[in-house]
Amino acid sequence: MERRVSPWLLLVVLLVAAASGRNARADPQVPCYFVFGDSLVDNGNNNDIASLARANYPPYGIDFPGGATGRFSNGLTTVDAISRLLGFDDYIPAYAGANNDQLLSGVNFASAAAGIRDETGQQLGQRISFGGQLQNYQAAVQQLVSILGDEDSAADHLSQCIFTVGMGSNDYLNNYFMPTVYSTSRQYTPEQYADVLVSQYTQQLRARTRSSSVVHRTHACMAVG
């Protein structure tokens with residue numbers, strides 16, 4: 001005699017199987033992910049500084065599970081989406097509030113209104129320029145050396161990481177295109193200014209990667225965007 005399976009029982013089995021599949025997540029594709037940038041990817045580093053470039057209040061975050069977090073969007077940013085695609089269980093946290101365990105998985109150094117040039121965005125108050133973000137990265141590397149025990153272990157860990165760097169739009173929006181506040185548009189033609197930015201960008205990356213043996217051995221992992 002043929003036994004028929006209840007459709008409700010079948011539905012329960014499928015739901016349990018789906019839930020089990022979600023819980024049995026694979027390890028991330030990389031051990032850590034580091035982010036540098038401006039308001040496009042800032043997720044809270046400006047929250048506690050004296051700046052007009054802050055987004056830790058509604059309606060920012062209206063579609064984000066945690067509400068307004070400092071992200072300049074209603075929900076996820078591009079690096080949030082990338083972190084999930086890489087397999088991380090949670091979003092990469094802002095450096096300003098990260099602990100040692102989070103540092104091992106990577107942090108976000110981005111700051112709204114930041115630029116390649118230190119003066120960029122100064123009309124909005126405090127912000128962490130690209131140079132400042134690189135200094136924070138250096139400090140984070142030294143923390144990792146302490147956590148992992150030595151420079152070789154930290155270098156090996158960082159050599160497997162992904163780095164996202166997105167910088168430069170504020171050097172136009174909050175600098176070159178504001179002639180009443182900044183003198184750059186009177187000093188440089190558009191072509192000259194682009195060359196100046198590229199030159200400084202290159203020098204910043206090279207200078208910071210030369211400044212410590214650990215950073216020097218890991219700088220090749222940076223993906224500049």
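Where a number appears in this text, it was derived from the coordinates with a stated rule and is not lab data. All values derive from a computational prediction rather than experimental measurement. Every residue, glycine as well, gets a Cβ built from its backbone with ideal geometry; the counts of neighbours run over all protein chains shown.
Along the stretch 121-134 the Karplus relation, 6.51 cos²θ - 1.76 cosθ + 1.60 evaluated at θ = phi - 60°, assigns HN-Hα couplings of x, 5, 5, 9, x, 5, 6, 10, 4, 4, x, x, 5, 5 Hz to successive residues, with x for each Gly and Pro. Each other residue within a Cβ distance under 11 Å of Tyr182 adds +1 if Lys or Arg and -1 if Asp or Glu, for a net charge of 0. Gain on full extension, evaluated as 0.36 nm per residue between Asp118 and Met178 minus their Cα-Cα distance, stands at 20.1 nm.
Segment Leu85..Gln142, full-extension length gain: 17.7 nm, with 0.36 nm per residue of separation and the alpha-carbon distance subtracted.
Note on Leu52 and Ser199: the extension gain reaches 50.0 nm, defined as 0.36 nm multiplied by sequence separation minus the Cα-Cα distance. The dipole here belongs to the stretch 27-224: it is taken about the Cα centre, uses +1 on the Cβ of Lys and Arg and -1 on the Cβ of Asp and Glu, and is about 520 debye.
Using θ = phi - 60° in the Karplus curve 6.51 cos²θ - 1.76 cosθ + 1.60, the 3J(HN,Hα) couplings for the stretch 147-157 round to 5, 8, x, 6, 5, 4, 5, 5, 5, 5, 5 Hz; x is entered for Gly and Pro.
Counting only DSSP beta bridges whose two residues both lie in the stretch 27-224, roughly 20 percent are antiparallel.
Working from Cα pairs under 8 Å separated by at least six residues, relative contact order for the stretch 27-224 is 24 percent. Applied to the stretch 89-96, the Karplus parametrisation 6.51 cos²θ - 1.76 cosθ + 1.60 on θ = phi - 60° returns per-residue 3J(HN,Hα) values of 5, 9, 6, 5, x, 5, 4, 4 Hz, with x for Gly and Pro.
Spin-label model, Asp101 to Gln135: label points 7 Å out along the Cα-to-beta-carbon direction sit 3.1 nm apart. A dipole drawn for the stretch 27-224 from +1 and -1 charges on Cβ atoms has a positive end, and of Val145, Gln200, Gln133 the residue lying farthest that way is Gln200. The mean sequence distance of close C-alpha pairs (under 8 Å, at least 6 residues apart), as a share of the length of the stretch 106-208, puts its relative contact order at 30 percent. Treating r as the C-beta distance of Ile62 and Gln160 and R0 as 41 Å, the FRET efficiency rounds to 0.70.
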